[in-house]
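The values are calculated or read from the model by the stated rules, or taken from the named source; none is laboratory data. All figures in this text were calculated on a predicted structure; none of them were measured in a lab. A quick note on method: Cβ atoms are made from the backbone with ideal geometry, for glycine too, and the neighbour counts reach across all protein chains shown.
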Amino acid sequence: MIGICDYGFYVPRYRISTEEIARHWGKNPEQILNSLGIVEKAIGGADEDSLTMAYESAVMALCDSDIDRKQIGAVFVGSETHPYAVNPTATILGEYLDIGNDYLAYDTQFACKAATGAIISALAHVKAGFSQYVLVSGTDKATGQPGDALEYSAGSAAVTCIIGSKNVLLEYIDSTSFSSDTPDFWRRSGISHPSHAGRFTGEPAYFHHIFGAVNSLLKKTRLKPKDFTRIIFHMPNGVFPVKAALRLGFTEAQVKESLVVKQLGNSYSASALMGLCAVLEISQPGERILLASYGSGAGSDAFAFKVTKHILQKRKLLSKLLERKENISYDTYRKFL
Amino acid sequence: MTTIIGHHTTKFGELWQHSLFDLVKQSVFGALKDSGLGKDEVEAIFFGNMLGGVLENNLHGGAKLAEMLGLNIPIFRVESACASGGVAFNLGMNYITSSQAKTVLVVGAEKMTDYAADAVISGLSSATSGEEQEAGLTFPGLYAMLARYYLEKYSYTEKHLAYVSVKNHYHGLLNDNAHFQKKITVADVLASPYVADPLKVLDSSPISDGASALIITTDKSLIKKAKRAVSVLASEVATDSISLSARKNLDELLATRIAAEKAFREAKITPKDISIAEVHDCFSIAELLAMEDLGFWKKGTAGKHMETMSTMHGNGSDFIVNSSGGLKAAGHPVGATGIKQIGEVYLQLTEQAGKRQIHKPRYGLAHNVGGSGGTAVVTILGN
């Protein structure tokens, strides 16, 4: 049995509300709240970046864990806000975690699905016997151009998953990927903020790819929407994942527990995985979980998992971490970017 | 008399899977099919398009059409901002009158949704005066100034503007090709965010993709053979100062008034004879001004008239305005709009307008505006 043996997450304490951003730009907060379904978003402080957040989440994953750090044979970090253009985040993270030097390290980049692609590689790595454990972090300190619609959603967070074959809490059943050349969102080298093609990011991008990956997964596994207790879709906002769920034949009840985007915003590479952390807080052994990420450019990775008894010992409470928060003004927010 | 014998309008909206010339092709071959003509029977083409050069670096559209159709006939690209389609039609009409040609195809098309909104707004703003661009005015800003002046002068409120969008969205619901298929209320319009006070999102036409084509001819044998034919009684173009600051009156678009007066004189009918009109509602205020400038309603009374919704399909009136959904709901791919408007009148007069068909219309009018009234085209069709 392969799957996720342990996990950790990190959300910075700072929050900026949709209302505060809207007020700054002279917009109607209520209309933006209704159209995006985001109340506030988490944002990393001045001394935080995708590396520090990945580290925090990895420490949570390894702390009190039965995993021997020296048996981690690979470290993959997925992000679209790696601190360096050239210089791997994965090696700095490996060094900070004191896992020795006998490990493979690389960074991945694929907009918001950089980490789920790395998880598939990690699963293959473990299955092939190359490593006992692989540590995968999805982490982002995402930003939007001042005044752009992304300002309301682009947030900060990190999730780390340890992939292995011993005492897995989430058994991997199967996965599918669906990819195409669809330029809906991009950031060129040397440019600080991403660009996007407005409404084109919806139907031909997010929905088309998530539908492609999920339908293919359902066909491959011969499972039906009702066979899953809960589902998690990438959360660019609070509206898209619900729409996608309903159109695929799932119910609102199956997706609602994952919708951390309302309180955290879209943490890009960590977004869908953060939804998984929220779902694991209430999952019981035997339940099936479906997760589908989405990365602009574009692609979606869909996974079918089964919760095992080990969740009972390894469960972590995201809700508790989220209680720790401090709302900041728009001016302070800009200083943190 | 010059007669329309074929028409095709594509779906309007966010057509991401189609390029500008995919849409041109669809509408051209659709119109040829509708008319029963082969492409070799077309003697010249007029192609209305505004933004191909600005957004796509694509200006030699005539030669692209020649390649697409395998023809070597005269093809002219026509640009006159949002009146590109209407002006292309007018030039096609004049070409027939002044040359040996008897049969001309007129096509208008625009591809707008592949580009970032700020690039499209900047491109559209190239149709405003340089001085007003420098002052920071965009089209919403210019029309907002006209709206403010009109509401103030005639003691109307934003609610009087909202009725235009409510009516046109209802019509859009009856038109499968419309960009928006959604009914809205006055409250929805009033609650939508401001674009340029007093104009809101739901007072404004959208950025759309689409194309529309018409075939016009004076060839008697083709007219006789045609399944459906409608005569063009008048097509008139008038211009006015591009800058609002150089206009005498801000409660009218003078170019519309001049073009309409000439067109009615030419067609030998009066506004009362019109049963169906497609008017240029790029913003809600534009429909109020158009209804007065075209001579349908007295100056200053459009707000009151709109409140009765008498020009809405199904309200028992024999005069319906913007049955296609107008620019507001059918969408506004700028180069296509002027052709689509004439096409809608053609559909109504030939009783092909489906769910939005009005009862036995005899005369119809199409009104296409470029910029904030720098150009206006008025076309009158009749059975």
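Restricting attention to helices (runs of 4 or more DSSP H) lying wholly within segment B:145-239, give those where 3 or more residues are closer than 21 Å to residue B:345 by Cβ and in the same structural domain as residue B:326 (by TED's automatic domain parsing).
Helices (runs of 4 or more DSSP H) meeting the threshold: B:158-173.
Look at residue A:170 and say whether it is over 26 Å from residue A:10 (Cβ atoms), more than 14 Å from every other protein chain (Cβ to nearest Cβ) and in contact with a helix residue (DSSP H, G or I) (Cβ under 8 Å, 6 or more places away or on another chain).
no
Of all residues in segment A:124-154, which are among the basic types (Lys, Arg) and surrounded by fewer than 24 Cβ atoms within 10 Å (Cβ to Cβ)?
Hit for segment A:124-154 is A:127, nothing else.
Mind checking which residues of segment B:34-87 are among the acidic types (Asp, Glu), over 16 Å from the mean Cα position of the chain (by Cα) and within 26 Å of residue B:344 (Cβ to Cβ)?
Matches in segment B:34-87: B:34, B:41, B:43.
Name the single residue that is surrounded by the most Cβ atoms within 10 Å (Cβ to Cβ) among those in segment A:280-337 being aliphatic (A, V, I, L, M) and in a loop (DSSP other than H, G, I, E, B).
A:328
Would you mind finding the one in B:231, B:243, B:221 that is closer than 29 Å to residue B:192 by Cα, over 18 Å from the mean Cα position of the chain (by Cα) and among the small types (Gly, Ala, Ser)?
Only one candidate qualifies: B:243.
Every residue, every condition in (1) within 14 Å of chain A (Cβ to nearest Cβ); (2) over 24 Å from residue B:331 (Cα atoms), yes or no:
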site: B:5; (1), (2): no, yes
site: B:17; (1), (2): yes, no
site: B:46; (1), (2): no, no
site: B:61; (1), (2): no, no
site: B:74; (1), (2): no, yes
site: B:77; (1), (2): no, no
site: B:103; (1), (2): no, yes
site: B:108; (1), (2): no, no
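Take residue B:119 and decide whether it is over 19 Å from the mean Cα position of the chain (by Cα) and within 14 Å of chain A (Cβ to nearest Cβ).
yes
Criterion first (in contact with a Lys or Arg (Cβ under 9 Å, 6 or more places away or on another chain) and either more than 19 Å from residue A:166 (Cβ to Cβ) or of a type in the set (Val, Ile, Thr) (or both)) does residue A:72 satisfy it?
no
Can we say residue B:159 is more than 14 Å from every other protein chain (Cβ to nearest Cβ), under 26 Å from residue B:13 (Cα atoms), among the charged types (D, E, K, R) and surrounded by fewer than 19 Cβ atoms within 10 Å (Cβ to Cβ)?
When the stated conditions are applied, residue B:159 does not pass them.
Would you confirm, using the coordinates I've provided, whether residue A:121 is more than 17 Å from residue A:303 (Cα to Cα), surrounded by fewer than 23 Cβ atoms within 10 Å (Cβ to Cβ) and touching a strand residue (DSSP E or B) at 6+ places or on another chain (Cβ under 7 Å)?
No; evaluated as a whole, the condition is false for this residue.
Among the residues of segment B:337-383, write down those that are closer than 17 Å to residue B:267 by Cα, modelled with pLDDT of 95 or more and over 12 Å from the mean Cα position of the chain (by Cα).
Passing the criteria: B:346, B:349, B:361, B:362, B:363, B:364, B:380, B:381, B:382.
Would you be able to say whether some residue in segment A:35-49 is within 14 Å of chain B (Cβ to nearest Cβ), of a type in the set (D, E, K, R) and surrounded by fewer than 23 Cβ atoms within 10 Å (Cβ to Cβ)?
no
Could you please let me know if residue A:57 is farther than 17 Å from residue A:114 by Cβ and either among the hydrophobic types (A, V, I, L, M, F, W, C) or more than 14 Å from chain B (Cβ to nearest Cβ) (or both)?
No: the conditions fail for residue A:57.
Considering only residues of segment A:188-207 that are surrounded by fewer than 20 Cβ atoms within 10 Å (Cβ to Cβ) and within 19 Å of the chain's Cα centre (by Cα), which is farthest from the other protein chains (Cβ to nearest Cβ)?
So, considering only residues that are surrounded by fewer than 20 Cβ atoms within 10 Å (Cβ to Cβ) and within 19 Å of the chain's Cα centre (by Cα), the one farthest from the other protein chains (Cβ to nearest Cβ) is A:207.
For residue B:33, are the conditions met, namely being away from chain A (no Cβ under 14 Å), without any contact (Cβ under 8 Å) to a residue 40 or more places away in the chain, assigned to a helix (DSSP H, G or I) and at negative phi?
Here the answer is yes, as residue B:33 does meet what is asked.
Go over the candidates B:276, B:269, B:223, B:242 one by one and state the one that is of a type in the set (Val, Ile, Thr), crowded, with 22+ Cβ neighbours inside 10 Å and touching a residue at least 60 places away in the same chain (Cβ under 8 Å).
B:276
Is segment B:78-87 home to any residue that is among the aliphatic types (A, V, I, L, M) and at positive phi?
yes
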